[in-house]
1. With runs of 4+ DSSP H residues as the only contributors, calculate the mean residue ellipticity of the chain at 222 nm using -39,500 (n - 2.57) per run, divided by the residue total and rounded to the nearest 500.
2. What does the chain give for Rg and for Dmax, in Å, if only its C-alpha atoms count?
3. Roughly how many debye, to the nearest 20, is the charge dipole of the chain about its Cα centre, given +1 on each Lys and Arg Cβ, -1 on each Asp and Glu Cβ, and no other charges?
4. List the pairs from LYS90/LYS126; LYS42/LYS62; LYS106/LYS126 whose alpha-carbon separation is above 18 Å, in the order I gave them.
5. Which value, in Å² and to the nearest 10, is the accessible area of ILE98 when all protein chains are kept and the probe is 1.4 Å?
6. With θ set to phi - 60° and the Karplus curve 6.51 cos²θ - 1.76 cosθ + 1.60, what are the ³J(HN,Hα) couplings of segment 76-86 in order, to the nearest whole Hz, using x for Gly and Pro?
7. Relative to a virtual label point 7 Å from the Cα of CYS87 in the Cα→beta-carbon direction, which members of segment 126-144 show backbone nitrogen distances below 16 Å?
8. So who's got an amide H within less than 5 Å of the one on SER89, skipping anything under 5 residues away but keeping other chains? H placed 1.01 Å off N, in plane.
Amino acid sequence: MEKRVLVLNLDHSPVAVVPVQKAIVLCLLEKANVLSTYELLKIRTVDRSFEYPAVIRLTHYKNIPFRGVLLNRNNLFKRDNGECQYCGSKRHLTIDHIIPKSKGGKTNWTNLITACNRCNVNKGDKTPEQAGLILKSEPFKPSLSYFLAEYAERQAEEWLPFLSSRIMNS
Ligand SMILES: [Zn+2]
């Protein structure tokens, strides 16, 4: 499986995650340097093999405005560990407005949670209290660093030394 590459700014703050082809192009153009590689992987062409970058750093500081994590189905399921936040089921997942839209509930990170179809239907147009449901965890707005750390733990341990506690808490 193809691994992703973490891109750091000149000051070592994470700015992006890119496919390996893009990372190699950035390095060939001397726009970035390799800081860490995936040891067990190599990139092979017809007559050569290259180190497989895991973390690269831009050679020039890039002023990149903060981008929040996109609010969409996938990211919401990821934040909630793919579990219904009422009963813990991992099946037939959908998205629930904690405070229903009809009662003025907003479509944002703190009013949306992952719910299974059954809990969603049982809850209907009620608030969790009215429906007798208790949330397993408080919904929060995730940061880019939160997702990076999460990905690193599952797929890219090589990133961990570059995700400092300062960054992970932001
Ligand atoms: Zn449920």
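1. Details: 6 runs with 43 residues, N = 170.
Mean residue ellipticity at 222 nm (helix-derived): -6500 deg cm²/dmol.
2. 20.3, 67
3. 560 debye
4. LYS90/LYS126; LYS42/LYS62, as the Cα separations exceed 18 Å there.
5. Here the residue's solvent-accessible area equals roughly 20 Å².
6. Karplus-based 3J(HN,Hα) across segment 76-86 equals 5, 4, 4, 4, 8, 6, x, 10, 4, 7, 9 Hz.
7. Only 128, 131-136 fall inside the zone, counting backbone N under 16 Å.
8. Those lying under 5 Å, H to H, from SER89 are CYS84.
The values are calculated or read from the model by the stated rules, or taken from the named source; none is laboratory data. Every value quoted in this text rests on a predicted model; they were computed, and no experiment measured them. Positions of Cβ are generated from backbone atoms using ideal geometry, with glycine treated the same way; all protein chains shown enter the neighbour counts. Just so you know, the surface numbers come from the protein's heavy atoms only, side chains and all, with ligands and any DNA or RNA stripped out. Shrake-Rupley method; radii C 1.70, N 1.55, O 1.52, S 1.80 Å.
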